[in-house]
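The values are calculated or read from the model by the stated rules, or taken from the named source; none is laboratory data. Small disclaimer: the values here were computed from a predicted structure and weren't measured. All Cβ positions, even for glycine, are placed from backbone atoms using ideal geometry, and neighbour counts span all protein chains on display.
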Amino acid sequence: MLKKYRKTLIITTIITLLPMLAGIILWNKLPEQFPIHFNAAGEVDGWSSKTFGVFGLPLILVAFQWLCGLGSLKMDPKAENLEGKVFGLVLWIIPVLSVVLNALVYCTALGMDMNVQIILPLLIGLLLTIIGNWLPKCKQTYTLGIKLPWTLADETNWNRTHRFAGPIWVVCGLVIMLCGLIGGAFLWVMVAAFVVMIAAPTVYSYLLFKGKIK
C-alpha cells in the first residue's frame, strides 16, 4: 500500500518544505528574532531564532507528515481501510498548513499586519468543514476518525457515529469561520463549537453502545 501513496508523500513533502526556499530568498530581510506563535488576539507571544523559523518549522512538519503517513500505512491493523480519497486528502493537510502558516510567520516577521485572528479561524474552520464532509465516508481504522473503544469494537457503531458527527463538524466549522470574521469577542463561541464537536459524537456513540439509542 505504501507504493500507492509514495508519489503523494514525495509531492506533499516538497510542498511542505517550500517555505524554506522562501526563507532563503528573504534571509537578509528577515529579523534574527523570529515569530513562531500567536495568542487568541493574533499577537505574537512566542519567538525563536531565524534559523529555526526558516528551517526548523518546515522540517518538523515534514517529520510529522512522514510519521503519520508511514505509521498509518505500516502499523494500523486496519490499514486496508485507509485506501481511497479520504487518506489521500489527509496527506495534503500538513502541506497546506505549512504554506499558509509559514506565509503568516514570514509576513509578520517582515512587519506586515496579517490579521492572524481572522485568518487562522478561517483556516481552521475550513479544515473542520472539509473533515466533516468526509467523516461519514471514513472507514473503521485506528488512524483516522472518532477512535473510541466502542466505535473500534463495533463497525455499526463506528458508521452511525461518523454519520452523526459529520454534519455537526460541518456546522461547527462554519461557526468558527464566522466567528473569525466577526472578531475575538466571540472566542467563547469558538471554544463551545470545539466542545460540541468532541462531546456530541462521544455521547452519541456511548449511548449506542449501551443500547439507549436504536
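Annotation: of all residues in the stretch 21-42 being in contact (Cβ under 8 Å) with a residue 12 or more places away in the chain and under 23 Å from residue 122 (Cβ atoms), the one that is surrounded by the fewest Cβ atoms within 10 Å (Cβ to Cβ) is 41. Summed over the stretch 29-83, residues that are small (Gly, Ala, Ser), over 23 Å from residue 139 (Cβ atoms) and either out of contact with any helix residue (DSSP H, G or I) (no Cβ under 9 Å at 6 or more places or on another chain) or modelled with pLDDT under 80 (or both) total 6. The test for being in the same structural domain as residue 32 (by TED's automatic domain parsing), buried (at least 21 other Cβ atoms within 10 Å of the Cβ) and either more than 30 Å from residue 11 (Cβ to Cβ) or within 15 Å of the chain's Cα centre (by Cα) (or both) holds for residue 98. Checked against the criterion of being buried (at least 17 other Cβ atoms within 10 Å of the Cβ), touching a Ser or Thr at 6+ places or on another chain (Cβ under 6 Å), free of Cβ contacts under 8 Å to residues at least 60 places away in the same chain and part of a helix (DSSP H, G or I), the stretch 134-155 contains one or more residues that satisfy it. For the stretch 105-126, a residue qualifies if it is surrounded by 18 or more Cβ atoms within 10 Å (Cβ to Cβ), modelled with pLDDT of 90 or more and in the same structural domain as residue 157 (by TED's automatic domain parsing), and exactly one does: 125.
If the condition is being surrounded by fewer than 16 Cβ atoms within 10 Å (Cβ to Cβ) and either of a type in the set (Phe, Trp, Tyr) or part of a helix (DSSP H, G or I) (or both), then the stretch 172-183 contributes 181, 182.
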